[in-house]
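Reviewing the structure listed below.
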Amino acid sequence: IGMIVVIPVTISVFGPLGMNLSNFLGDGLNGLVTFNPLIAGIIGGGLCGYMAMFGLQWGIIPIIIINISNLGYDYFTPMWMMGPYAQVGVALAVFLKSQNPQLKQLSLTGFLTGLFTGVTEPILYGLMTNYKKLNAYVIIGGAVGGGFVGALHVKVMSFLFAGILNFPGYFGPT
């Protein structure tokens with residue numbers, strides 16, 4: 001009985017609603033980057049480090065893939081990536097400054113995982129939820145980095161996540 005109700009509701013309500021929200025979000029992002037890439041970078045870099053906490057990155061990924069498919073590049077990814085890179089920087093700072101061996105181990109693990117693969121959940125859930133002051137540094141660092149790459153019109157040529165192993169995706173005709 002549950003499937004008889006859920007499948008039609010999903011097809012008739014949630015599918016169109018999700019498509020319309022994605023279109024609105026994509027148009028808004030593209031419009032903001034067209035209007036002022038510096039402001040788009042500040043907003044994107046400052047706030048996108050927290051997208052994984054709510055699963056919102058999965059709503060932006062289709063927009064990025066469409067941009068790469070239609071334009072041959074994407075300009076939001078570099079702005080977006082500054083949030084995770086700011087988290088990586090905060091994890092390194094905690095590792096270097098802390099005297100607590102358990103905190104040093106946690107921050108080093110988060111730093112290495114974020115640096116190489118772009119997976120920052122250990123930093124997000126292990127450090128930033130327990131030490132609230134770190135959030136200000138991540139927001140400021142991500143916003144400055146996002147504004148910088150937005151002002152320079154940095155683009156990616158392929159779909160990628162954060163992490164230094166993905167840096168070749170930035171190389172191309174920019």
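So the values come out like this:
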read-out: Cα pair distances exceeding 18 angstrom across the range 36-93, given as percent; value: 38
read-out: Heavy-atom accessible area per residue - the chain, 1.4 Å, Å²; value: 56
read-out: Hits among lysines - C-alpha to C-alpha of LYS97 under 25 Å, sequence gap 8 or more where chains match; value: LYS132, LYS133
read-out: Calculated SAXS-style log₁₀ I(q)/I(0) at q = 0.16, 0.20, 0.21, 0.25 Å⁻¹ - the range 5-103, Debye, Cα scatterers; value: -0.78, -1.02, -1.08, -1.32
read-out: Cα-derived Rg over Rh, computed across the range 82-123 with Rh taken as Kirkwood radius; value: 0.95
read-out: Part-to-part distance (alpha-carbon centres) for the range 23-47 and the range 105-173, which is given in Å; value: 18
read-out: Segment ASP27-LEU71, extension gain: residue separation times 0.36 nm, minus the distance between their alpha carbons; value: 14.4 nm
read-out: Förster-model FRET efficiency, 35 Å R0, THR109 and PHE159, C-beta, rounded to 0.05; value: 0.85
read-out: Net charge dipole size for the chain [Lys, Arg +1 and Asp, Glu -1 on Cβ; Debye, nearest 20]; value: 460
read-out: Packing-based order for 153-160, 122-129, using average beta carbon neighbours within 10 Å, highest first; value: 122-129, 153-160
read-out: Sequence ranges 77-83, 94-100, 104-110, ranked by mean other-Cβ count within 10 angstrom, highest first; value: 77-83, 104-110, 94-100
read-out: Accessible surface of the range 4-64 [probe 1.4 Å, protein heavy atoms]: carbon and sulfur percent; value: 81
read-out: Label of the coordinate-derived value, semi-axes √(5λ) of the Cα gyration tensor in Å, listed as (i) 31, 15, 13; (ii) 30, 23, 14; (iii) 27, 17, 15; value: (ii)
read-out: Extension gain (nm, one decimal) between ILE11 and LEU47, 0.36 nm per residue minus Cα-Cα; value: 9.8 nm
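The values are calculated or read from the model by the stated rules, or taken from the named source; none is laboratory data. In this text the structure is predicted, and so the values were computed from the model without any measurement. Note that each Cβ is placed from the backbone with ideal geometry, even for glycine, and that neighbours are counted across all protein chains shown. In case anyone asks, the SASA skips ligands and DNA or RNA and just uses the protein heavy atoms, side chains included. Shrake-Rupley method; radii C 1.70, N 1.55, O 1.52, S 1.80 Å.
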